[in-house]
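Student: Take this structure first; my questions come after.
FYI, it's all coordinate maths here, none of it is from the lab. No experiment lies behind these values; they were computed from the predicted model shown. Heads up, the Cβs are rebuilt from the backbone with ideal geometry, glycines too, and the neighbour counts pull from every protein chain shown.
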């Protein structure tokens, strides 16, 4: 027998660590921030005496995001490797799990202990839960979110109507609650992968991890694309006169004019969430809902931005089409900026209306709707600008990522259930002005390039 | 205003020279992909671009079509800068990428209805004939096509507007041998019927030999050879010189393309026969090899 086949190559030191870090990509920065917070906040005297201190909560959040991206990619790659029948997959996977546990759980727990946090077991379990939650999340197909939301609310509703159910749960020791959650999350993740006997063939059954590994998220054959360009989608007529429409079709899902049916289908999730919130109309549900309403509005406007991002990252998916097709607008940069803005607005406007009405029915403060409108417009303007800047160059893309981190925080932080202070509107007005200026600058910059569809 | 009816701009449409490149240079970071590449593709020429994987074929095609912006140099399409093509030119240019993935959300018939509106010269009956010949169902969703079918579809959509310039990036890589032959036949038909100019990249030498009138060899970012195929096979020879003679040779002979010392000390010289110094032929132990295109490619690219 060939000697090279008999002996497996020895694992090079740091290879597993490098693999885990490479998979987590930019979320390593988040994890680093989590470590820093775990160390710094207790030193600054923040909440060591509380049952669930701030540094632990923030650190758990960073671990969650780290596990979602890195874990998703690693699981996806492991699946792919097993399908390719590569050797030593189990050993590699177990080494990766060990490294992930070390980086995501052990190190931050150790850091917290080093600065005087004595709840070592609790910290360990909470961080493990965060890690497992991330893994469980990416083990499920994306549509599950629409099932989990009503299920969560239904459970809440059921517990409300069961004598002293909440009391029993909240009086249970925190440690045992966390341990139960750990087991539950582990069971969910194992169940998701254990049930999968055949390689998933459709997005409907494909987990987020597999989508990440196959890079199928936001590709033009996904369900969002089907929603926009479903059966019998019109490809327009008289396109030689309607060059903007021709361009939007060339750009693909997210840009093309949807049919009334697919447009309605796109709005259904928002309507569903709004109805659910109204049905569950309780104080805590209402205040949570009001916090997340602006974020929902902005998320609804994402498809055209994601499509543009995909085209730039994967030009083979059709970036050459708008560059080479005849009969498209003569000023492509301006046409693209207009199309992007129009599509974002077309999606966000109905969501603003529905969710502002929902907020009013949930008892939001008098100027909540105004703050909602202002904050969402500002956010959309900034997203519009960074999407255009991100068409070229690392700086533009870095700006876009930074905005993706800052915007949700700003939107949630300023969506106050109580009447908002006067300065808030002024602050969002300045942000709106800045966003409009940034959009104009992005358009000007884009107009200076030979055309916006360059692949380098 | 209808973009298709607008005037073509400052550059007159030059159909005699569909594609031209002058001193193209492109690098990604420190990696130089194209080094001073110049190329001319007159009307009716079928140029096969060969090179190893990663030699820069797709990058060169991207620059020639204005999809990539070179750091220096310029590509011209029918007399206008490739980066600033107008509709009059775009109507006459067709491009087939290496892995066609565009318009995956449409059905074939939807795609053709869309493209038929944009290309005034869209030949619907020709498209239907090709669809039938290659057994593609117009009602089929493009996302569900196999790679080979997707490539066939991309070829049909490129041929249907009856382009004056057809640029194909590894067009046959996902096709079976029968489909490859049919494709090559269609390329030739297209070139003859419409006096179309064709540029196609490939590393399947047999395909190239079947249809190309000219061959350009891209190696390490530069064009090493660009000649009519017959002339290339006729003129380029390999000389094998004994080791004792090798040391006495000047560092570069007229017409020399490549020099390589073999393991036994023999010197292998790739040289243009027309420039071959007569005294070289008198050397004892000299061997002259006429080479096929594949051998030539391997000799240079190795």
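Student: Enter the angle in degrees (range 0 to 90, nearest 10) between the Cα long axis of helix B:147-159 and the first principal axis of the Cα atoms of chain B, meaning the one along which they spread out most.
Tutor: Compared with the principal axis, the helix lies near 80 degrees.
Student: If you project the alpha carbons of the range B:1-140 onto their three principal axes, what span does each projection cover, largest first, in Å?
Tutor: Each principal axis gives a Cα extent; for the range B:1-140 these are 47, 38, 28 Å.
Student: Extension gain residue A:449-residue A:237, at 0.36 nm per residue separation less the Cα-Cα distance, in nm?
Tutor: Details: separation 212, 0.36 × 212 = 76.32 nm, distance 3.03 nm.
Between residue A:449 and residue A:237, full extension yields 73.3 nm more.
Student: Rank by packing, highest mean first: peptides B:282-295, A:426-439, with packing defined as the count of other Cβ atoms within 10 Å averaged across residues. The partial results should precede the final answer.
Tutor: Numbers: B:282-295: 13.0, A:426-439: 16.8.
My ranking of the peptides, most packed first, is A:426-439, B:282-295.
Student: Now a separate question. So what is the relative contact order of chain B, in percent, for Cα pairs below 8 Å that sit 6 or more residues apart? Spell out each step's value before the answer.
Tutor: On the way: 552 pairs, mean separation 58.4, N = 302.
Taking the mean separation of contacting Cα pairs over the length of chain B, I get 19 percent.
Student: Something else about it: Debye calculation, C-alpha points only, no solvent: report log10 I(q)/I(0) for the range A:230-448 at q = 0.10, 0.15 Å⁻¹, in the same order as the q values.
Tutor: Reported log10 I(q)/I(0), two decimals: -0.49, -1.00.
Student: OK, next. If you bin every alpha carbon distance in chain B into 10 Å steps from zero, what whole percent lands in each bin?
Tutor: 6, 25, 30, 22, 11, 5, 2, 0
Student: Take the eigenvalues of the Cα gyration tensor for the range A:258-377, scale each by 5, and report the square roots as semi-axes in whole Å, largest first.
Tutor: Working from the Cα gyration tensor, I get semi-axes of 35, 14, 12 Å.
Student: Starting from the Cα gyration tensor of the range B:92-185, take the square roots of the eigenvalues, sort them a ≥ b ≥ c, and report rounded, prolate or oblate (rounded when a/c is under 1.5, otherwise prolate if a/b is larger than b/c, else oblate).
Tutor: Working: a/c = 1.40, a/b = 1.10, b/c = 1.27.
It comes out rounded by the Cα gyration axes.
Student: Next up: So, by mean Cβ neighbours within 10 angstrom, what's the order for B:153-166, A:261-274 with the highest one leading? Each step should come with its number before you reach the end.
Tutor: Details: B:153-166: 23.1, A:261-274: 16.1.
So the order, starting with the most tightly packed, is B:153-166, A:261-274.
Student: Under 1.5 on a/c is rounded, so check that first for the range B:22-80, then, if it is not, pick prolate when a/b is larger than b/c and oblate when it is not; a ≥ b ≥ c are the square roots of the alpha carbon gyration tensor eigenvalues.
Tutor: Values: a/c = 2.18, a/b = 1.33, b/c = 1.64.
It comes out oblate by the Cα gyration axes.
Student: Moving on. What is the average number of partner chain Cβ atoms found within 10 Å of a Cβ in B:97-110? Walk me through the intermediate numbers first.
Tutor: Working: counts 6, 1, 2, 4, 8, 11, 9, 10, 16, 8, 5, 0, 1, 6.
Mean inter-chain Cβ contacts per residue within 10 Å come to 6.
Student: Which residues in the range B:39-79 have a backbone N closer than 16 Å to a point placed 7 Å from the Cα of residue B:27 along the Cα-to-Cβ line?
Tutor: Label zone hits: B:70-73.
Student: For an R0 of 41 angstrom, estimate the FRET efficiency from the Cβ-Cβ distance between residue B:123 and residue A:82 and round to the nearest 0.05.
Tutor: Values: r = 48 Å, r/R0 = 1.18.
Using R0 = 41 Å, I get an efficiency of 0.25.
Student: If you don't mind, another one. At 222 nm, what value in deg cm²/dmol follows for the protein assembly as shown if DSSP H runs of at least 4 each add -39500 (n - 2.57) and the sum is divided by all its residues, to the nearest 500? Before the final figure, lay out each step's value.
Tutor: Values: 32 runs with 411 residues, N = 758.
One gets -17000 deg cm²/dmol as the mean residue ellipticity at 222 nm.
Student: What Rg and what Dmax come out for the protein assembly as shown when only alpha-carbon atoms are used, in angstroms?
Tutor: In Å, with Rg to one decimal and Dmax whole: 31.2, 109.
Student: OK, next. What average count of beta carbons from other chains do you get within 10 Å of the Cβ of residues in B:229-236?
Tutor: Details: counts 0, 0, 0, 0, 0, 0, 0, 0.
Rounded to a whole number, the mean comes out at 0.
Student: Could you work out how far the C-alpha centroid of the range B:272-302 sits from that of the range B:74-133, in angstrom?
Tutor: Taking the Cα centre of the range B:74-133 as reference, the centre of the range B:272-302 is 43 Å away.
Student: While we're here: The range A:385-453 to the range A:305-379: how many Å between their Cα centroids?
Tutor: First find each Cα centre; the distance between them is then 12 Å.
Student: For A:355-366, what's the mean count of beta carbons from other chains sitting within 10 Å of each residue's beta carbon?
Tutor: Mean number of neighbouring Cβ atoms from other chains: 0.
Student: Could you check what % of the DSSP bridge pairs in the protein assembly as shown are antiparallel, to the nearest 5? Working shown, then result.
Tutor: Working: 36 of 54 bridges.
Here the antiparallel bridges make up roughly 65 percent for the protein assembly as shown.
Student: I'd like to compare B:66-73, A:315-322: which one has the highest average count of other Cβ atoms within 10 Å, and what's the full order after that?
Tutor: The most tightly packed comes first, giving A:315-322, B:66-73.
Student: Between residue A:405 and residue A:299, what is the FRET efficiency for a Förster distance of 22 Å, r being their Cβ-Cβ separation, to the nearest 0.05?
Tutor: Rounded to the nearest 0.05, the efficiency is 0.90.
Student: Then there is this: Could you give me the radius of gyration and the Dmax of the range A:58-125, taking only the C-alpha atoms into account and expressing both in angstrom?
Tutor: Rg, Dmax (Cα atoms, Å): 14.9, 48.
Student: Right, something else. For chain B, what proportion of DSSP beta bridges, expressed in % and rounded to the nearest 5, is antiparallel? Write down the numbers at each step before the final one.
Tutor: Values: 36 of 54 bridges.
Bridges in chain B are about 65 percent antiparallel.
Student: Shape call for the range B:69-120 from the C-alpha gyration tensor, a ≥ b ≥ c root eigenvalues: rounded (a/c under 1.5), prolate (a/b greater than b/c) or oblate?
Tutor: Here the range B:69-120 falls in the oblate category.
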